[in-house]
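A.B. asks: Got a structure for you, questions after.
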Amino acid sequence: SFIHSFIHSFIIVCMHALCFLARFSALLHPITPPRSHPLHSPLLSLQASSRRGVGKEAYSWGYQPQAMMRALAGYVQSVAADVRRICAREPRCLHVPSPCYVLGDIHGNFHDLVAFEKALWRVGMGLSPAGFLFLGDYVDRGQFSVEVALYLIAHKALFPRKVLLLRGNHETRAQNSFAGYSPCLQQCCISLFGEEVGMSVWESINDVFDVLPLAAIIDRSVFCTHGGIPDPSLLSPIKTQEQLIKDIAAVPSHLPQPDPSGVGGSGLAWDLMWNDPAATESPEEGGCNGGFGPNTARGTAHVFTAEELDTFLNDYGLTHLVRAHEMRHTGFQVQHHARMVTLFSSSGYCGYANDASCILASEGKLRFIRLQHTSRPSKSSLSTRAAAASALEGGRKLESSAASSSPSSPILPP
């Protein structure tokens, strides 16, 4: 209704106004917080100077009174609850018309998200002729996981049909509470809001993640998901696009724990969130008998061959797969007989000199847009494939061969 839409807009405007006033106040009157205050945490390097004329660091919140942060947390929880209801009503596989921008992993990189905003929707998402599809992995490893998550949640509340959010493997509590990601979403929430309020904010954000869709199809031809195509054994033997949509729709809309090894998990959701393309074109060398094999690099889910991708796309009347989940140095890579695109939208990932890219799907074509930066975020403490698996519930472990990735490696595990 109009009243409900007005309330949505009013809350978002209040959030933006509160953030603006907080940052403006901190810039004019920087205050040094007490040493015991959570904003002294090195996670976000929040430093303020008591000397007049010396401002706070860019993209930092400065020191804010506890009452102000509690008020902001209340707004966050209210908007997150509304967005949770919006996403829960969406189908598990979205129908997306073109034109549409598609973005891959962001991983708490608010700098790049703002750069994309300036390049693609400077006048606002609501006035853009294109829609926006985000493929997941919004949080962890970057310093601004809270800011990225709240930015996307707020825009989803304002433009629910134009802003579409898919679920990645980091949109689970097991992943985004893992301290090895340094910082993870949970650490960022606690650092900003304190222990008690921060945990409630973290829960509210994850309540939204629990109900995010798992896949999307652009113009009935381009299949989009975070990880990759699922094992055929998880799908119906009827090979039509309508049946594929029904199979994905059968996944529960509320899925707090998608790992199939746990209670209430879903193998189909897990494959869509975690699967990777095989690193070699040879099925035998990649251990992919029948087109699918165990994903030994991650310790969970599967890898799929180019031949299996061709079969999947042909069976369901699709032309391409657009997925995220792996870093690429140019921000994107065309693979598997030129029918798959891996997309990554966070530059300087774990300190490496990679670019961030997105796709514009329009008029039957996929156009690549790449950001180029002169500065990079600081290197994360995490650059191993083993860390992602150690965060999984059930404590699955990788073999010692899944050790630290070298800087020259073309792929890192988001």
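The values are calculated or read from the model by the stated rules, or taken from the named source; none is laboratory data. Keep in mind it's a predicted model, so treat the numbers as computed, not measured. Don't worry about glycine lacking a Cβ; one is built from the backbone with ideal geometry, like all the others, and counts go over all protein chains shown. Just so you know, the surface numbers come from the protein's heavy atoms only, side chains and all, with ligands and any DNA or RNA stripped out. Shrake-Rupley method; radii C 1.70, N 1.55, O 1.52, S 1.80 Å.
A.B. asks: What tally of residues in region 216-263 results from selecting those that are under 19 Å from PHE292 (Cβ atoms), open to solvent by less than 60 Å² (accessible area, probe 1.4 Å) and part of a helix (DSSP H, G or I)?
C.D. replies: Total satisfying the criteria: 4.
A.B. asks: Limited to region 303-353, what total is found for residues that are within 21 Å of TRP274 (Cβ to Cβ) and among the polar types (S, T, N, Q)?
C.D. replies: Number of matching residues: 7.
A.B. asks: So which residues in region 324-359 are among the polar types (S, T, N, Q), out of contact with any Lys or Arg (no Cβ under 8 Å at 6 or more places or on another chain) and open to solvent by 40 Å² or more (accessible area, probe 1.4 Å)?
C.D. replies: The answer is GLN333, and nothing else.
A.B. asks: Another question about this same structure. When you scan region 120-158, how many residues do you find that are in a loop (DSSP other than H, G, I, E, B) and within 12 Å of the chain's Cα centre (by Cα)?
C.D. replies: If we filter region 120-158 for residues that are in a loop (DSSP other than H, G, I, E, B), which is where we start, we get 121-124, 128-130, 135-144.
Next cut, within 12 Å of the chain's Cα centre (by Cα) only: 135-142.
Within region 120-158, residues that are in a loop (DSSP other than H, G, I, E, B) and within 12 Å of the chain's Cα centre (by Cα) number 8.
A.B. asks: For region 62-106, enumerate the residues that are among the small types (Gly, Ala, Ser) and surrounded by fewer than 21 Cβ atoms within 10 Å (Cβ to Cβ). Quick ask: steps written out before the conclusion?
C.D. replies: Our first condition is that a residue be among the small types (Gly, Ala, Ser); within region 62-106, this holds for 62, 67, 71, 73-74, 78, 80-81, 88, 98, 104.
Within region 62-106, ALA67, ALA71, ALA73, GLY74, SER78, ALA81, ALA88, SER98 meet the criteria.
A.B. asks: Based on what the data block shows, is HIS111 open to solvent by 30 Å² or more (accessible area, probe 1.4 Å), within 22 Å of ASN354 (Cβ to Cβ) and touching a residue at least 24 places away in the same chain (Cβ under 8 Å)? Break it down stepwise before answering.
C.D. replies: Details: open to solvent by 30 Å² or more (accessible area, probe 1.4 Å): yes; within 22 Å of ASN354 (Cβ to Cβ): yes; touching a residue at least 24 places away in the same chain (Cβ under 8 Å): yes.
Answer is yes for this residue.
A.B. asks: Can you confirm whether ALA179 is free of Cβ contacts under 8 Å to residues at least 12 places away in the same chain, of a type outside the set (D, E, K, R) and more than 24 Å from ARG89 (Cβ to Cβ)? Explain how you work it out, then say what you get.
C.D. replies: Details: free of Cβ contacts under 8 Å to residues at least 12 places away in the same chain: yes; of a type outside the set (D, E, K, R): yes; more than 24 Å from ARG89 (Cβ to Cβ): yes.
Answer is yes for this residue.
A.B. asks: Can you pull out the residues in region 163-177 that are assigned to a loop (DSSP other than H, G, I, E, B), surrounded by 19 or more Cβ atoms within 10 Å (Cβ to Cβ) and not acidic (Asp, Glu)? Reasoning before the result, please.
C.D. replies: Residues of region 163-177 assigned to a loop (DSSP other than H, G, I, E, B): 166-172, 177.
Checking the rest, the ones that are also surrounded by 19 or more Cβ atoms within 10 Å (Cβ to Cβ) come to 166-172.
Once the filter is applied, which keeps residues that are assigned to a loop (DSSP other than H, G, I, E, B), surrounded by 19 or more Cβ atoms within 10 Å (Cβ to Cβ) and not acidic (Asp, Glu), region 163-177 yields LEU166, ARG167, GLY168, ASN169, HIS170, THR172.
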